[in-house]
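Structure first, commentary second.
The values are calculated or read from the model by the stated rules, or taken from the named source; none is laboratory data. None of the values given here were measured: they were computed from a predicted structure. Cβ: placed from backbone, ideal geometry, glycine included. Neighbour counts: every protein chain shown. Remember, those area values only see protein heavy atoms, side chains included, never the ligands or the DNA or RNA. Shrake-Rupley method; radii C 1.70, N 1.55, O 1.52, S 1.80 Å.
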Amino acid sequence: MDPSRPPLGRGSFLSSSVHAATALLLLLVLLATLLRLPISITPRAPAPAGLADQRSQDPQQQAGCDPASPLDCADPRLFHLMMRRAIDAFPAVHFARFGRPVPGDPPSSSCDMAWRARSDSDDPSKATTKDYRRFAVARDPRTCAYSVLSIGEYHSGPNARKPRRAATNATIAPPPPPALSRSQFTRGSYLAYLGGGDRCKPMPHYLRSLLCALAEARYLNRTLVLDLTLCLAASYAAAGTGGMPEEGKRLAFYVDVDHLNSQVPIIEQSQFWADWDRWGVQGQLRARLVEDTRIPPVKFSKVRDTLIVRKFGDVEPGNYWYNVCEGEAKGVLRPMRRVIQWAPSLMHIVDDIVSRMQPDFDSVHIDANGEDLRRRVEEGLNAGRQVYVAGEGVNSALVEALKAKLTVHHLDEFEDLWGTDSKWFLEMRRLNGGVPVEFDGYMREVVDREVFLRGKKKAEDYTRRTSKTR
């Protein structure tokens, strides 16, 4: 034994073993940490009944939900559920693409979703069809699980409808027509009507006078100088206007002005007189004044004056424009009713109403009233058919009574088509320079009558007319 080496006693051996065990334990802890294994070796007590299921649920489901709160229509789970329900509900439809759902009305229990479907039409422009529907959605108050209760009719989900491009710039008024150059203006020939008693009269009166002016302009082969605004009679005033005539209503709200201009050239009144003040009053352009409405246009059809002005007096009814087409002129001035077409914005509402009903619906127009009216309407139509009821004689009591035997529709049922979120509202606001436009009484008459005319079987009841002057 080497006396310089320390003896290997038991204490030294135990000290080395402790160090080795400590190092091994640290290695095991490090390995367990990297592998995310539980470090504790104490057995874990079993979870109470139901706790394991609760841990696996969605956090939103753990907290429950308020069925009265707005639906999250953007939730992917709800989106997929709505798509599956649509595919199951319409097996004959070849779906091409679904749009993202948006809140419906009410937002707490409905979502609107649009889709495109492949069409069987041979026309390439009709390769796909569009629809948007309202889905009634329920939620379990405890688990928040979704369920689709029903799917609405065709085009029942307007909130999912993609707005037209024109509506995206809805607060900007359309640009004015380009000004004529001096050479263009001086080469033209014009007819202007000044004054008259047609202002603020009922629309049939106004349109009769307008058609007469257009007929004379066409006969004389002249451009008609026309005020493209009008005064709406008090009888058509919208609610909240106080029942007074409304000045400043644009003709384009009611009539397709582009079509009008394609039939008879027109120039806006303010633009014309501004150009006339620049070039006409200098004596270079001649004007002829006609103050007697009884003078027929044949008397001055050969004149070469740039401008012919018919001036109307202040005494009614002799100062109405349509008097020009009476008497001697009646044989040559035949009003062309086809030049008047209703504004596309109104006809779009008509199309949307018709699309929500069966294509072969019946219609009835009622200007009468009385206790026997219900019986007369029912006798004129077949039970079980869809019926659109139009006219001034329509009221809620009559509609409810007719629903006992008929599937009845009426104009107020479709008021979302001219509401503040509608295409019509956005388009009118654009035309009006950003100022909202009311859906007035005459617009209602136009739409109501046009839907009536689309009916397959039409019945009219005029046996007891109302006394209102139209």
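Of the residues making up segment 318-343, those that are open to solvent by less than 80 Å² (accessible area, probe 1.4 Å) and assigned to a loop (DSSP other than H, G, I, E, B) are GLY318, ASN319, TYR320, GLU326, VAL332, LEU333, PRO335, MET336, ILE340, ALA343. What is the residue count in segment 67-93 for residues that are within 13 Å of ALA145 (Cα to Cα), open to solvent by 40 Å² or more (accessible area, probe 1.4 Å) and touching a residue at least 24 places away in the same chain (Cβ under 8 Å)? Of the residues in that region, 2 qualify. In segment 428-457, what residues are small (Gly, Ala, Ser) and part of a helix (DSSP H, G or I)? Residue satisfying the conditions is GLY441 alone. Filtering segment 389-429 to residues that are closer than 22 Å to ALA160 by Cβ, open to solvent by 40 Å² or more (accessible area, probe 1.4 Å) and not β-branched (Val, Ile, Thr) leaves GLU413, GLU415, ASP416, ASP421, LYS423, ARG429. Each residue in segment 94-123 was checked for being under 22 Å from CYS144 (Cβ atoms), aliphatic (A, V, I, L, M) and open to solvent by less than 40 Å² (accessible area, probe 1.4 Å), and 1 of them qualify. Here TRP424 meets the list (1) aromatic (Phe, Trp, Tyr); (2) over 14 Å from ILE353 (Cα atoms); (3) modelled with pLDDT of 90 or more almost entirely, failing just condition (2). Only a single criterion out of (1) more than 20 Å from MET336 (Cβ to Cβ); (2) surrounded by 19 or more Cβ atoms within 10 Å (Cβ to Cβ) is not satisfied by SER209, namely (1).
Under the condition of being open to solvent by less than 50 Å² (accessible area, probe 1.4 Å), of a type outside the set (A, V, I, L, M) and under 21 Å from the mean Cα position of the chain (by Cα), the residues counted in segment 243-273 number 4. THR128 satisfies every condition listed in (1) open to solvent by 40 Å² or more (accessible area, probe 1.4 Å); (2) of a type in the set (Val, Ile, Thr); (3) at pLDDT 80 or above except (3). Looking at VAL137, VAL225, just one residue is at pLDDT 95 or above and either surrounded by fewer than 18 Cβ atoms within 10 Å (Cβ to Cβ) or of a type in the set (Val, Ile, Thr) (or both), and that residue is VAL225. Restricting attention to segment 229-248, the residues being within 21 Å of TYR193 (Cα to Cα) and either at pLDDT 90 or above or of a type outside the set (D, E, K, R) (or both) number 6.
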